[in-house]
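The values are calculated or read from the model by the stated rules, or taken from the named source; none is laboratory data. Here the structure is a predicted model, which means the values were calculated and not measured. Note that each Cβ is placed from the backbone with ideal geometry, even for glycine, and that neighbours are counted across all protein chains shown.
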Amino acid sequence: MNADHQLAVLLQDAHLEASLKEIAKKVQNGERISFEEGVLLYKKADLSYLGVLANYIRTKKHGNVTYFNRNFHIEPTNLCVYDCKFCSYSRLIKEKAEGWEYTMEEMMAIVKSYDEQPVTEVHIVGGVLPQYDMKFYMDFFTAIKKHRPELHVKALTPVEYHYIFKKAKVDYATGMRMMKEAGLESMPGGGAEIFHPEIREQIAKDKCDAEQWLQIHEEWHKLGMRSNATMLYGHIEEYWHRVDHLEKLRVLQDKTGGFQTFIPLKFRNQDNQMSHVAESTVVEDLRNYAISRIYLDNFDHIKAYWAMIGRNTAQLSLNFGVDDIDGTLDDTTKIYSMAGAEEQNPAMSTKDLVKLIKAVGKKPVERDTLYNIINDFENVDFPEDEKPKYYALPVIN
Ligand code: SF4
């Protein structure tokens, strides 16, 4: 049954509650749902209903295409001046023994170690420390572009930018322009957490607030540049806090059109100050992807990090609004594994990623950071791995 037919069948369901039927009709007509309807979906809609709606939108936007990219990560440090309660990654300065602080030379050595590999993007995020200042990052971006001009530099979040601009006494507009001139090409979506102060002040109280996060993205978009957005869900927030978060992103996107992708991030409770808080279930994760797809009608893409949610849930998510499952990671990132993600060694080859996408009937397409198509893998068959050799056992009569 195709996505149109599934939605038509749903709308004929005599048992479907009137308010949910109204929302389904809006989706069919390409109309935007309201804040109240967003909350209603979180409170009342079941998984199969949400799957039909989200898959309808995903299919209208992208058909069967599922995107991935080939990138590598550099995490300059895992020491941080902040103390976010959910963070399993940062080792505060007082726990320095467990931390790392890469020098410029060490980070350029990582960049150079990928010289022979077909990666298109370097993704740079980490903790916040005083020595990683504006000059350091500008020199780093410039050095990467000088060494490998075609490698796309996607780096740092408003958490870092707010900190380094304040220290350098430059305003956001000037700071983002200087970063662009130094070689920055796009911004990842991190640091958004939950925007509403009621929650943000409990889990991430010292770093940039929602308004500052949104302002930095706005300044970046004004330069004609693109960025992503995230939401850390499934901890102490209520459903309406999630909708408030989505609403703020939708409003800014109406204004600038600069966001490419929304990435829901599942709260993980390993080895952090919120270990007593239970994690969301897989059903809730899929519901959240679907509602994000329905609510953010002006975002082109919804992404699931397979390394964070695991390969099986990532496959399922492709029927709940997700059209991008990130990249062929090697083990250069520690962010997922340190938080207790399903994948402790998040490595997957292009062949494995393509097989994973094809296994659920989707079409794997390699993209660059800006969603230009690099390779369509629909009709590409990889040679099978060599089978173990067969040894004839002697027959004993
Ligand atoms: S989430 Fe980011 S800003 Fe917060 S403590 Fe961890 S590394 Fe630092």
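Residue under question is residue 209, and the condition is that it be closer than 30 Å to residue 165 by Cβ and crowded, with 17+ Cβ neighbours inside 10 Å; does it hold?
yes
Given the criterion away from the ligand (no atom under 16 Å from the Cβ), in contact with a Gly (Cβ under 8 Å, 6 or more places away or on another chain) and modelled with pLDDT under 95, identify the matching residue among 71, 64, 78.
When all the criteria are applied, what remains is 71.
Filter region 172-217 down to residues that are assigned to a helix (DSSP H, G or I), among the small types (Gly, Ala, Ser) and within 16 Å of the ligand (Cβ to nearest atom), then give me how many there are.
Total meeting the criteria: 1.
Among the residues of region 127-138, is any polar (S, T, N, Q), assigned to a loop (DSSP other than H, G, I, E, B) and more than 24 Å from the chain's Cα centre (by Cα)?
Here is the first cut: in region 127-138, the residues polar (S, T, N, Q) are 131.
Then keep just the ones that are assigned to a loop (DSSP other than H, G, I, E, B); that gives 131.
This time we only want the ones that are more than 24 Å from the chain's Cα centre (by Cα), so: 131.
Yes, region 127-138 contains a residue that is polar (S, T, N, Q), assigned to a loop (DSSP other than H, G, I, E, B) and more than 24 Å from the chain's Cα centre (by Cα).
Determine which single condition residue 89 fails, assuming it passes every other condition in (1) away from the ligand (no atom under 12 Å from the Cβ); (2) assigned by TED's automatic domain parsing to the domain that holds residue 266; (3) not polar (S, T, N, Q).
Looking at each condition in turn, residue 89 falls short on (1).
Go through (1) hydrophobic (A, V, I, L, M, F, W, C); (2) within 24 Å of residue 203 (Cα to Cα); (3) touching a residue at least 60 places away in the same chain (Cβ under 8 Å) one by one and return the number of the condition residue 294 breaks.
The one condition residue 294 does not meet is (2).
Considering only region 45-70, state which residues are free of Cβ contacts under 8 Å to residues at least 60 places away in the same chain, polar (S, T, N, Q) and touching a helix residue (DSSP H, G or I) at 6+ places or on another chain (Cβ under 6 Å).
59 - this is the single residue of region 45-70 that is free of Cβ contacts under 8 Å to residues at least 60 places away in the same chain, polar (S, T, N, Q) and touching a helix residue (DSSP H, G or I) at 6+ places or on another chain (Cβ under 6 Å).
Residue by residue, here is whether (1) outside any helix (DSSP H, G or I); (2) in contact with a strand residue (DSSP E or B) (Cβ under 8 Å, 6 or more places away or on another chain); (3) modelled with pLDDT under 95 holds:
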| site | (1), (2), (3) |
| --- | --- |
| 284 | no, no, no |
| 287 | no, no, no |
| 294 | no, no, no |
| 299 | yes, yes, no |
| 302 | yes, yes, no |
| 308 | no, yes, yes |
| 319 | yes, no, no |
| 322 | yes, yes, no |
| 325 | yes, yes, yes |
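Look at residue 57 and say whether it is closer than 25 Å to residue 261 by Cα and surrounded by 14 or more Cβ atoms within 10 Å (Cβ to Cβ).
Against the criterion (closer than 25 Å to residue 261 by Cα and surrounded by 14 or more Cβ atoms within 10 Å (Cβ to Cβ)), residue 57 qualifies.
Name the single residue, out of those in region 111-129 being surrounded by fewer than 16 Cβ atoms within 10 Å (Cβ to Cβ) and modelled with pLDDT of 95 or more, that is nearest to the ligand (Cβ to nearest atom).
Filtering first and then ranking leaves 113.
In region 139-158, which residue that is under 23 Å from the mean Cα position of the chain (by Cα) and outside any helix (DSSP H, G or I) is nearest to residue 206 (Cα to Cα)?
157
Which pairs do you get when a residue that is in a helix (DSSP H, G or I), found in region 159-171, comes within reach of a residue that is within 12 Å of the ligand (Cβ to nearest atom), reach meaning Cβ atoms under 7 angstrom, with the pair 6+ apart or on two chains?
From region 159-171, the pairs are 159/128; 159/191; 159/207; 159/208; 160/128; 162/208; 163/128.
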